[in-house]
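We did not get these values from a lab; they are worked out from the coordinates using the rules stated. Remember, it's a predicted structure, so these values are computed and weren't measured experimentally. No Cβ is skipped: glycine too gets one built from the backbone with ideal geometry, and neighbour counts run over all protein chains shown.
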Amino acid sequence: MSEVEQVIIIGSGPAGHTAALYCARANLRPLMFEGFGAGGTPGGQLMITTEVENYPGFPDGVSGPALMDLMRRQSERFGTRIVSQDVQAVNLGKQPFVVSSEEKEYFARAIILATGAAARYLGLESEKRLMNRGVSACATCDGALPVFRDKELVVVGGGDTAMEEAMHLARFACRVTVTHRRKEFRASPIMLDRARKNPKIEFVTPVTVTEVLGKESVEGVRLKNVQTGESWVKPVAGLFVAIGHTPNTEIIKGQLQLNDEGYVITKAGSTAASVDGVFAAGDVQDPVYRQAITSAGSGCQAAIEVARWLEAHPT
């Protein structure tokens, strides 16, 4: 058997690098894998975020890739070892745990799962082309940007998240149109009622967005009534997609307790997962907040809990 690591961190977003920083400063010599399976992007979702204005310590804002570069440099400074390979499989059924990469097997007494979650999109070529140029999946992250202030915006979705996004955007936009492919909404009655009472929010159903228009930035969307087939263009400055997220838990399915949406279930007031010695931090266990700062905070928690767990479970 190869050397057994004290802790392996899977994922390299804010949760992963914050966990690595704290683990490294606790002399645990953490080993971090940047990627995982088909959905793991080194640096996480911030790598496709152009401007971050709500991360403390950056009064003038910072680009997502620049922020992640700073986090990586800081965690490496204290001794984090980073493996630029994807994790292909994890075996949590025995101690030490086994983490299999593209090239070899690694062994660890503890694991921090920081694999995040991926926003679901409509799957349009035009949507992908205008990503971060008016297309967003996070109103809390981007809604206050100058490009969206006092403009008309569109939110796609029918659940509580879509209502929350619309109400948040209504603070800055002149009008927010919520579109949904069905006439009925999945949102809870109280959330739907709040959104309907907002004078800045209107609802258009049952429609789908078939194209995002614009060359350098979003200038409009093409809508289609799913019942009549009628199609028309609505001029807007932004499209916010609020149709959910998919947690990146493929590599541990069947081994950890997950909720109905696939998020890792952690113990109340803890980052501890259902298998002793496994901890989860960031969006992979957070279907509510999904912010860089909350991910970083839970990464700190996971590292502190790992250090305590290792002390309580000496080899």
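Checking every one of the GluC sites (Glu not before Pro) in the stretch 24-130 against DSSP loop status and a limit of 10 other Cβ atoms within 10 Å picks out E102, E103.
Applying both filters, DSSP loop and at most 16 other Cβ atoms within 10 Å, to the chymotrypsin sites (Phe, Trp or Tyr not before Pro) of the stretch 236-299 gives Y289. As a calculated quantity, the FRET efficiency between E184 and D260 at R0 = 25 Å, using C-beta atoms, amounts to about 0.80.
Here the convex hull built on the C-alpha positions of the stretch 7-118 has a volume of 97 cubic angstrom per residue.
Axis of helix 64-77 versus longest Cα principal axis of the chain: the two differ by about 10°, to the nearest ten degrees. Please say if the stretch 121-241 is rounded, prolate or oblate, where rounded means a/c under 1.5 for a ≥ b ≥ c the square roots of the C-alpha gyration tensor eigenvalues, and otherwise the choice is prolate for a/b larger than b/c and oblate otherwise? Since a/c reaches 1.5 but b/c is at least a/b, the shape of the stretch 121-241 is classed as oblate. Annotation: extensible slack from W232 through L70 equals 53.8 nm (criterion: 0.36 nm per residue apart, minus Cα-Cα distance). Comparing mean-square fluctuations of T294, T271, T80 from a GNM of the chain with C-alpha springs under 10 Å, the top value falls on T294. For the stretch 244-315, trypsin sites (Lys or Arg not before Pro) meeting the loop criterion (DSSP other than H, G, I, E, B) and having at most 16 other Cβ atoms within 10 Å: K253, K267.
Tell me, in nm to one decimal, what length is gained between R175 and N132 on full extension, where the rule is 0.36 nm per residue of separation less the Cα-Cα distance?
Values: separation 43, 0.36 × 43 = 15.48 nm, distance 2.01 nm.
This chain segment gains 13.5 nm when fully extended.
Using only the C-alpha atoms, the convex hull of the chain corresponds to 139 Å³ per residue.
Cysteine residues of the chain whose C-beta has no other cysteine C-beta under 4.7 angstrom: C23, C174, C300.
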